[in-house]
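Here's the structure we're looking at; comments come further down.
The values are calculated or read from the model by the stated rules, or taken from the named source; none is laboratory data. Quantities reported herein were computed from a predicted structural model and do not represent experimental measurements. Positions of Cβ are generated from backbone atoms using ideal geometry, with glycine treated the same way; all protein chains shown enter the neighbour counts. These accessible areas exclude ligands, DNA and RNA; they are computed on the full protein's heavy atoms, side chains included. Shrake-Rupley method; radii C 1.70, N 1.55, O 1.52, S 1.80 Å.
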Amino acid sequence: MVGTCDGVTIDGVSVLGESLAGTVARQYGIYNNSGQAISNTTVRNCKLFGLQAGIAFNADTSGTYSNGICVNNYVDTMVGQVGGQGYGIFCANVEGMLIQGNQIINCHRHSIYAARAQTSTTIEHGVLITGNIIRNHRATVPTTDVRPAIYARGYGLTISNNQITNYFDGAIGVQVGLSEA
């Protein structure tokens, strides 16, 4: 998604990558670069395998992203351990986000990463991560640094009723603030 996008639904798409980690390849599934103006987006019933990043709702450094829905997707084997890689579902600086009912397997960095949820306790961005199943988180990578399955940075996030099994580097990590540890 590039530019100004409103009311986009991506439903039932399958994306098969080659599991290429590293800085040369850029195999992303459903993704947008920071700096866009995106609203009212739904990604549902999609299957993504062997990519560097699965599904992203991204206004990390600039732009806006509001009212995102990510439900009932199957994300398997997201590879890479450097920034921008190894994420199953990623949202950054999003206002109004629902991540629910997804199955996420074998991500190398974070299965679900919610960053820059807001900058203070007075702004409610409303990010809800609920009812997801996460398995084999970081099962195939060395765990020299801490990369939990669900990592939430900022304020105003709700994490509830998720099932995290067979994980190899932390289940849930929460950081109040904007910079990643």
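A single entry from Ile159, Ile112 fulfils the requirement of being farther than 18 Å from Ile30 by Cβ, modelled with pLDDT of 90 or more and among the β-branched types (Val, Ile, Thr): Ile159. Here Gly84, Gly101, Gly68, Gly96 are screened, and the one residue that is open to solvent by less than 10 Å² (accessible area, probe 1.4 Å) and touching a residue at least 12 places away in the same chain (Cβ under 8 Å) is Gly68.
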